[in-house]
Amino acid sequence: MVDLVWDDLLERFMFAQRSRLSDPTFERYARVTLLLRLYLRGNGHWTRTVPRGESFKRLAEDFHDKFMVERYHATRSILSMVKTVMRRLGRFVEELPRTVRPKAPPKKSAARRKVSPEVTDAVHLHRCLSEYLANVLQTETVRPARDNFTITRVEPGQLWLEGTSSGQMLGPVSVPEEVSDLCRVGWDIGCVVGRTFGGWRLMEVWSVST
């Protein structure tokens, strides 16, 4: 018998929620758990056993405050859903035996099949953009624009954006083709875009949503 690890826990948790939630609510739960997976991997928690009690509460608070608020800049509705999902996940953890076999529930992929492919693609795009910006050498920029931008046009290696609060139109914004291949018109990117001698460039990205 071994302590439960995160991958097994989240599979069991989502499998348990499938029968009690409506499809729209289940998809919101799935989106939160996808973001939780990113947080756990990025902070070295993914390969550790699942904490309980106060340790779980501290992790949930860190996920909400440092990841969803400070990094992801999530909306109030998303933050409310994060709190709901993490409270229920915490209760789910406490109701489990102290040790369980690391066995996936029947039909392990059943819960994942209900997740919208667009949600999965958006999370993947956010990860790709974060990795790209972490490795690119930033050049001096002028007129930096910070906003949630809607993608209005996509071409290989180029994006056109419209600020949702400012209405500012920017483009083309240069990105790697593997990034533009993942982008879809109508998606929202929370980011900072700056003007360089070579044109518009991404400087920072904190969220991607469909």
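No value in this document is a laboratory result; all are computed from the given coordinates. Computed from a predicted model, the values in this text were never measured in an experiment. For neighbour counting, all protein chains shown are included, and Cβ atoms are generated from backbone atoms with ideal geometry for every residue, glycine included.
A Cβ-based charge dipole, computed about the Cα centre of region 155-210 with Lys and Arg at +1 and Asp and Glu at -1, lands at about 200 debye.
So between ASP23 and HIS73, what do we pick up on full extension, going 0.36 nm a residue minus the alpha carbon distance?
Details: separation 50, 0.36 × 50 = 18.00 nm, distance 2.53 nm.
So the chain would gain 15.5 nm between ASP23 and HIS73.
A viscosity of 1.306 mPa s and a temperature of 10 °C, combined with the Kirkwood radius over C-alpha pairs in the Stokes-Einstein formula, give region 13-82 a diffusion coefficient of 122 µm²/s. In order along region 172-187, the Karplus-derived 3J(HN,Hα) couplings, from 6.51 cos²θ - 1.76 cosθ + 1.60 at θ = phi - 60°, round to x, 9, 6, 9, x, 5, 5, 7, 4, 5, 8, 7, 10, 4, x, 6 Hz, and Gly and Pro are given as x.
On a full-extension model of 0.36 nm per residue, what is the gain between SER55 and THR164, subtracting their alpha-carbon distance, rounded to one decimal in nm? Mind dumping the intermediate values first?
Numbers: separation 109, 0.36 × 109 = 39.24 nm, distance 3.82 nm.
This chain segment gains 35.4 nm when fully extended.
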